[in-house]
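The values are calculated or read from the model by the stated rules, or taken from the named source; none is laboratory data. None of these values were measured; they are calculated from a predicted model. Counting neighbours? That spans all protein chains shown, and the Cβs are built from the backbone with ideal geometry, glycine included. Each accessible area value is taken on the protein alone, full model and side chains, heavy atoms only, with ligands, DNA and RNA left out. Shrake-Rupley method; radii C 1.70, N 1.55, O 1.52, S 1.80 Å.
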Amino acid sequence: MITFRSHTRDDIPFRVIWLNNKKATQYALDNPDHKTTIKKQSQWFDDYERESRLKRKKFLTILYNNEPVGFMGLSNIDSKKKTAKIFILIGEDKHRGKRCR
C-alpha cells in the first residue's frame, strides 16, 4: 500500500542516498551527476522549513508498506493563482517503474 507523510529531518539520510542515485535522478534533476551530503541536505531542510512556514513549499515522503521509497513536493505554491510545481522522485530502484493497483 502506498501512503504519504510529511517530510521530516529523519528523512535526510534517505534524501542523500536517493539524490546520489543516478538511476533515480536521471530524469528528475538538471544535473543527475551531482553529489549531495548530509550537511547539504540539512541546510536544504533548514531552508525548506522556512519556505513551508510561508506556505511556498510542501514535501511528502512516499511510503510503500510503511517503508520510505521516495519523496514528492510542491514548490512555487501560489494560492492566489492556485498553481504549483510538482516533483516526484522514487529513490528505491526496486520500486521505480511499477504500476499502482
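Can you find a residue that is open to solvent by 80 Å² or more (accessible area, probe 1.4 Å) and within 11 Å of the chain's Cα centre (by Cα) anywhere in segment 83-93? Yes; the residues of segment 83-93 include at least one that is open to solvent by 80 Å² or more (accessible area, probe 1.4 Å) and within 11 Å of the chain's Cα centre (by Cα). Regarding segment 27-44, can at least one residue be identified that is in contact with a His (Cβ under 9 Å, 6 or more places away or on another chain) and of a type outside the set (Asp, Glu)? Looking through segment 27-44, none of the residues is in contact with a His (Cβ under 9 Å, 6 or more places away or on another chain) and of a type outside the set (Asp, Glu). Residues that are part of a strand (DSSP E or B), within 14 Å of Ile2 (Cβ to Cβ) and at pLDDT 85 or above occur at least once in segment 78-100.
For segment 26-35, enumerate the residues that are under 15 Å from Gly97 (Cβ atoms) and touching a helix residue (DSSP H, G or I) at 6+ places or on another chain (Cβ under 6 Å). The answer is none; no residue qualifies. The residues of segment 1-46 that are aromatic (Phe, Trp, Tyr) and open to solvent by 80 Å² or more (accessible area, probe 1.4 Å), listed by number, are Phe4, Tyr27. In segment 1-44, of all residues being of a type in the set (Phe, Trp, Tyr) and in contact with a strand residue (DSSP E or B) (Cβ under 9 Å, 6 or more places away or on another chain), the one that is nearest to Asn66 (Cα to Cα) corresponds to Phe4. Which of the residues belonging to segment 50-77 are open to solvent by less than 70 Å² (accessible area, probe 1.4 Å) and over 15 Å from Arg5 (Cα atoms)? Glu51, Ser75, Ile77 - these are the residues of segment 50-77 that are open to solvent by less than 70 Å² (accessible area, probe 1.4 Å) and over 15 Å from Arg5 (Cα atoms). Entry remark, segment 1-57: residues being in contact with a Gly (Cβ under 7 Å, 6 or more places away or on another chain) and touching a residue at least 24 places away in the same chain (Cβ under 8 Å) number 5 in total.
Among the residues of segment 62-76, is there at least one that is part of a loop (DSSP other than H, G, I, E, B) and out of contact with any Asp or Glu (no Cβ under 6 Å at 6 or more places or on another chain)? Yes, there is a match, as at least one residue in segment 62-76 is part of a loop (DSSP other than H, G, I, E, B) and out of contact with any Asp or Glu (no Cβ under 6 Å at 6 or more places or on another chain).
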